[in-house]
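J.: Have a look at this one.
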Amino acid sequence: MKKFDLLKKIEEAKIKQKAGNSLEANKIFQTLLKTNNNSFDLLYAYGLFCRDLKNFNLAKRVFLNLINKFPTSINPYILLAEILKNENKFEDAERVLLNAIKINPSHGDLLYNFSLFYFALRNFDNALVYIDKAIKLSINNDIYKLLKSEIYINKFNINEAIYILEDLNSKNRIKKDNNKEIRINILLADAYLKKRKYEEAEIILLKLIKKYQGLELAYLNLSILYNHKNQLNKSIEILKKGIDLSPHFMPFYKNLATFYRNSGQLKLAIETNLFIISRNKFDFNSFYELSGIYDFKNHKNELNFLLDTKLEKLNANSKIYAAFAISNLLHKDGKFKESANYLKIANDESMKYKKSDLSLKIKHTEFYRSLKIKNSKNKNLKNSSDYVFVVGMPRSGSTLLENILSLNPEVTDMGEVNFLEESIKEAKDFEDVYDLYKKKVINQFQSSIIYTDKSLFNYMYCAVISNFFPKAKIINCIRNPLDNILSIYRANFLKQPFSFSLTDISSLYVHYFETMEKYKIKYGKNIYDYNYEDLIENPNNVIPRIINWLDWDWDEKYLSPHQNKRNVYTASSAQIRKKFYSSSIGIWKEYKELLEPAIEIIKKNKILKEKISQ
């Protein structure tokens, strides 16, 4: 067949596909392939057709065939790598891209896709290197610049991102490309959100909603903005409006389920996650969410589907969530040995894609621990008694403590804000930290007499707090080391990659413990040790002691934190709705075999060795 006629038939197949007649399009492709299976144009179009139909295995075979027949053509490499990346087969995807770049190291779209690949891995430094190379080759390519701005946002180089986006926006006002306008402004709103310039972000998103009424991303991002502002009711309201306009856009339901859970509306959270699963039985993220708040007693079919899932047939992301979900349900059922097996599968799989940050955390702690910091001479620090810093390791009972403290009507619980670390980084001198911190608090929260800050890793900065917030209180959360380590290992902390390794969790626990022991010697009057087990076993004694140490007036309501109606944004958001329960105390003994590596590390510290032998 002549090339002109072949291209005409390919175009006919594309028209059929666009019209929704995939069967007729496929017939045309199959007929053409019988006599033209060496045509690049035909194979390329057919590969795209298979990809669009989500027949990814066939699409991969077609693109691989193209690579073998036309090894110097770059686009098949890009498309094959894109599918592999979406399947979380990152090593295979990287190998394909590396083969392509050997052939043509100056191909702009290849460099762009390399950047996208590293962006998906959250390796933003490498992503920036490749997008800069792409922009150098094509300096007027706005798509490349948009990706660069998104990389900057994720690296928290927000001002650089805003500079790029505002420049693109001014150019686009002349060209008037609606799709580009949408993407630029969605990213601009995200940048302002990261800077906690909520008003600016809200204005942008509301304008987008007014101009493009069916724009799902604008509604979704506006719900996230209100969530950041602790306005969960508004978050839920805007999601419902989005659902009315686009009832099949599933990210709306995912956010809605999370917001219901965080606001304590567990029944609605369960119903929403079950709805998500009814639409996609392979949504293991929702199975995981449900495994923490539901026993599936009225949904046996869904439970059996989850328990019978062949993990080895799932992509990496689904495998991780499915394994964590199954582990949770087996744990609830008292099948601890089986639970441990799935727990190890989930965390081992996570470690393949998340590099541990253990050494960075230890290095960071050591830097601040070794500093010789002099007491502040700033007389304006007298108001620092407004602040209570809750520190320690994750899963140490800190959310329960914050729930107790927030029953004081004079308290604003700020949750896990990053204000202190940000202020330290921004300060030219430690003398500036307090003022910078106070400004961040005022900008985000309503005026209050007392603020609680539950960014647990602030234990690294106890020297800064004690010297520059001299009247502030520090409450150090302590829990049985092995119960604590196990709880972290079970939590699926995506933003804390040390948490996927038992040895790394244990090493960080020991380092944290030894750090706090030294800080208590130096700054003991500012630090109070709150022991989770003691509180659970004897709340009537422990809670009054904490309140007395804070120099607050006593109220019986502190003894009933489960009645607190506040929003909770941590992994403990469901558990803190319950009365005091002791079922998690000593649970590590059921996982003793799994925890052997942790036990060996913990035993190296004499004090901790005694704690686990009691």
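J.: Look through Y226, Y253 and report the one residue that is under 21 Å from V417 (Cα atoms) and either modelled with pLDDT of 95 or more or touching a helix residue (DSSP H, G or I) at 6+ places or on another chain (Cβ under 9 Å) (or both).
T.: Result: Y226 is the single residue among Y226, Y253 that is under 21 Å from V417 (Cα atoms) and either modelled with pLDDT of 95 or more or touching a helix residue (DSSP H, G or I) at 6+ places or on another chain (Cβ under 9 Å) (or both).
J.: Among the residues of region 43-59, is any more than 25 Å from E82 (Cβ to Cβ) and free of Cβ contacts under 8 Å to residues at least 24 places away in the same chain?
T.: Taking every residue of region 43-59 in turn, none turns out to be more than 25 Å from E82 (Cβ to Cβ) and free of Cβ contacts under 8 Å to residues at least 24 places away in the same chain.
J.: Does S278 qualify as being modelled with pLDDT of 95 or more, within 26 Å of A120 (Cβ to Cβ) and among the polar types (S, T, N, Q)?
T.: Taking the combined requirement at face value, the residue does not satisfy it.
J.: Select from region 461-480 the residues that are of a type in the set (V, I, T) and surrounded by fewer than 21 Cβ atoms within 10 Å (Cβ to Cβ) and list them in ascending order.
T.: Selection gives I478 alone.
J.: Condition first: surrounded by fewer than 16 Cβ atoms within 10 Å (Cβ to Cβ), within 27 Å of Y353 (Cα to Cα) and without any contact (Cβ under 8 Å) to a residue 24 or more places away in the chain. Can you find one or more residues in region 131-145 that meet it?
T.: yes
J.: Moving to a separate point now. Filter region 204-235 for residues that are hydroxyl-bearing (S, T, Y) and either in contact with a Phe, Trp or Tyr (Cβ under 6 Å, 6 or more places away or on another chain) or buried (at least 18 other Cβ atoms within 10 Å of the Cβ) (or both) and give the result. Lay out the reasoning, then the answer.
T.: Filtering region 204-235 for residues hydroxyl-bearing (S, T, Y) gives 212, 219, 223, 226, 235.
Matches in region 204-235: Y219, S223, Y226, S235.
J.: Against the condition under 20 Å from L290 (Cα atoms) and basic (K, R), how does K319 come out, does it pass?
T.: On the way: under 20 Å from L290 (Cα atoms): yes; basic (K, R): yes.
Criteria met by K319.
J.: Do the conditions hold for E349, that is, is it within 24 Å of M516 (Cα to Cα) and either in a helix (DSSP H, G or I) or modelled with pLDDT of 90 or more (or both)?
T.: Taking the combined requirement at face value, the residue does not satisfy it.
J.: Is it the case that some residue within region 584-593 is crowded, with 18+ Cβ neighbours inside 10 Å and modelled with pLDDT under 90?
T.: yes
J.: While we're here: Mind checking whether some residue in region 482-502 is buried (at least 19 other Cβ atoms within 10 Å of the Cβ), in contact (Cβ under 8 Å) with a residue 24 or more places away in the chain and over 22 Å from the mean Cα position of the chain (by Cα)?
T.: yes
J.: Identify, from the list A322, A346, A340, the residue that is touching a Phe, Trp or Tyr at 6+ places or on another chain (Cβ under 6 Å), in contact (Cβ under 8 Å) with a residue 12 or more places away in the chain and under 19 Å from I270 (Cβ atoms). Walk me through how you get there before you give the answer.
T.: Numbers: A346 fails: under 19 Å from I270 (Cβ atoms); A340 fails: under 19 Å from I270 (Cβ atoms).
Matching residue, one of A322, A346, A340: A322.
J.: Something else now. When you look at N476, is it in contact (Cβ under 8 Å) with a residue 60 or more places away in the chain, under 30 Å from E596 (Cα atoms) and in contact with a helix residue (DSSP H, G or I) (Cβ under 6 Å, 6 or more places away or on another chain), yes or no?
T.: On the way: in contact (Cβ under 8 Å) with a residue 60 or more places away in the chain: yes; under 30 Å from E596 (Cα atoms): yes; in contact with a helix residue (DSSP H, G or I) (Cβ under 6 Å, 6 or more places away or on another chain): yes.
Yes: the conditions hold for N476.
J.: Also, I was wondering about something else. Looking at L232, L188, which one is touching a Leu at 6+ places or on another chain (Cβ under 7 Å) and of a type in the set (A, V, I, L, M, F, W, C)?
T.: Step by step, each of L232, L188 is checked, and only L188 is touching a Leu at 6+ places or on another chain (Cβ under 7 Å) and of a type in the set (A, V, I, L, M, F, W, C).
J.: In region 241-285, which residue that is touching an Asp or Glu at 6+ places or on another chain (Cβ under 8 Å) and not in a helix (DSSP H, G or I) is farthest from L220 (Cα to Cα)?
T.: Only one residue tops the list, namely K281.
The values are calculated or read from the model by the stated rules, or taken from the named source; none is laboratory data. Since we're looking at a predicted model, the values are computed, not measured. Positions of Cβ are backbone-derived with ideal geometry, glycine not excepted, and every protein chain shown enters the neighbour counts.
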